[in-house]
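Input: a single structure, listed below in structure tokens.
The values are calculated or read from the model by the stated rules, or taken from the named source; none is laboratory data. If you're wondering where the values come from, they're calculated on a predicted model, not measured in any experiment. Cβ placement follows ideal geometry from the backbone for every residue including glycine, while neighbour counts extend to all protein chains displayed. Only protein heavy atoms, including side chains, enter the accessible area calculation; ligands, DNA and RNA are left aside. Shrake-Rupley method; radii C 1.70, N 1.55, O 1.52, S 1.80 Å.
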Amino acid sequence: MMSYRALGQVSHQSGRHQHALRAYDAAKRLARNDPLARASMDRMLIDIYMYVGDYTKARQSAARALRAFKRLRKTNDWQQTRVNLANLLHRQDRHRDAARIYREAAAFFEQSNNPEAAARCWYNLGNTSVQLFDFRAADEQYRRAREIYESTENLLAASNVRYGEAWVAM
């Protein structure tokens, strides 16, 4: 199961989404008695289905993962899954719905002392604000994300955020 999960993750990161989908499906079959592992894979599948354009299956994966994490009382994983769902909503031009989730998740991650996850939420929220033509808010959200990334010395992510800041400035 772990090998298939690793293969799925590497395939996903390299842009081979169909290959990742097959690997995660194989891993899920092997994890039939492990609800936490299955929920984790469903969370990964949200993005993969989104990238291959199957939004219905992406939503189904999100629903399964959210239910499982809630039942297992895995609050951090539940919030991370909501962020994946927000990414899907953003991709489907449901920017206001996505923004609400990003904002709530950022607050949660800041309270639970998870600055990297909070920074990702602020960055994603900046992206949705751009789509909503709220450039002032986007600039502030990008700034918050960049400052967090710089404080955690994640300079690559901070550099990615600067691209958003530059775009807003144009």
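A few remarks follow.
- Carbon + sulfur, % of accessible area of the chain - ligands and nucleic acids excluded, 1.4 Å: 48
- Per-peptide average of other Cβ atoms within 10 Å, ordering 39-49, 23-33 highest first: 39-49, 23-33
- Segment 31-47 versus segment 85-139: alpha-carbon centroid distance in Å: 24
- In Hz, Karplus ³J(HN,Hα) per residue of segment 29-40 (6.51, -1.76, 1.60; θ = phi - 60°; x = Gly, Pro): 4, 6, 9, 4, 9, 10, x, 5, 5, 4, 5, 4
- For the chain, accessible area per residue (1.4 Å probe, heavy atoms of protein chains only), Å²: 56
- Segment 7-21 - phi-based ³J(HN,Hα) in whole Hz, Karplus 6.51/-1.76/1.60, Gly and Pro as x: 4, x, 5, 5, 4, 4, 5, 8, x, 9, 5, 5, 5, 4, 4
- Each residue of segment 153-160 was assigned a 3J(HN,Hα) from its phi angle through the Karplus expression (A = 6.51, B = -1.76, C = 1.60, θ = phi - 60°), giving 6, 8, 6, 5, 5, 4, 5, 4 Hz with x at Gly and Pro.
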